[in-house]
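Presented below is the structure to which this report refers.
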Amino acid sequence: MRKGRSTETDEAEREPKRARNWREIEPLAEEGKTGDPEGIRKRGSLRPRQRADPPDEAPLKEEPARERVMKRAIRLLAARPRSEGELRERLLEKEWASAEAVEEAIEKLRGYGYVEDERFALDYASYRVKRKPVGKRRLLRELAAQKVAEETARAAIEAVFAENPEEELLDRAIERRIARTGLPRSRAELKRLYDHLLRAGFQHELIMNRLRGFTLDQSED
């Protein structure tokens, strides 16, 4: 009996060690202890299924990216006129728009005459004073918000105000305000008129010269 048990033990020791799970396949195969390591490797039946990684999105090629920048620039200009600075800022909002592609597009559009800050500032200032009387200071702030250089903005404003004196624009602004709210009868009402004209961008000295002509009702103070 002892001899039989010894024989069974010897046979068990000679039998190749079997892998209990897929994690043991590789180390056992390397040690040559699996019954058929090459077959397991080829079949891969005990390997866990793995999801294939999604293919990386191919980056935009340089030429298509330049074309996209130009098309976007044309769409922005078709919506409304823009200064060079504002157009550049809007184009650079897109991650795919490189600085080089943006500058190239702006250079081409400048050559076509579609981007010209001097003309943009002049047209903007002319339109504003015709639509609503405003002062130089207000126009200067608005053109700065439109990304127009200060020197260019001042030149355009001076050209527009040469044909539309600020004093006349101030008188128009006062008339429009009085038509809505009536003549100021107290210092408080006169102060509100002053604040309104100051927000419209007119100079303090011009406003005070005009408001001194108003006669207030002393009983309202």
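Across the range 55-181, Cα-Cα distances exceeding 23 Å account for 45% of all pairs.
Each Lys and Arg Cβ is given +1 and each Asp and Glu Cβ -1; about its Cα centre, the range 62-114 then shows a dipole of about 380 debye.
Entry note, the range 62-114: relative contact order of 44 percent, from Cα contacts under 8 Å with a spacing of 6+ residues.
Can you tell me what percent of all Cα-Cα pairs in the range 118-220 are more than 19 Å apart?
When all Cα pairs of the range 118-220 are counted, 44 percent exceed 19 Å.
Taking other C-beta atoms within 10 Å as the exposure proxy, Met208, Met70 rank Met208, Met70 from fewest upward.
Pairwise Cα separations in the range 62-114 fall into 10 Å bins from 0 onward with the following percentages, short to long: 26, 63, 10.
Between the alpha-carbon centres of the range 59-133 and the range 143-160 there is a gap of 17 Å. What's the FRET efficiency of Arg154 with Arg75 using the Cβ-Cβ distance as r and R₀ = 35 Å, to the nearest 0.05? It comes to 0.70. Packing here is the average count of other Cβ atoms within 10 Å per residue, and on that basis the peptides 82-89, 104-111, highest first, run 82-89, 104-111.
Computed from the coordinates by the stated procedures, all read-outs in this text should not be read as laboratory data. Source: prediction; values computed, not measured. In this analysis, Cβ positions are derived from the backbone assuming ideal geometry, glycine residues included, and neighbour counts consider all displayed protein chains.
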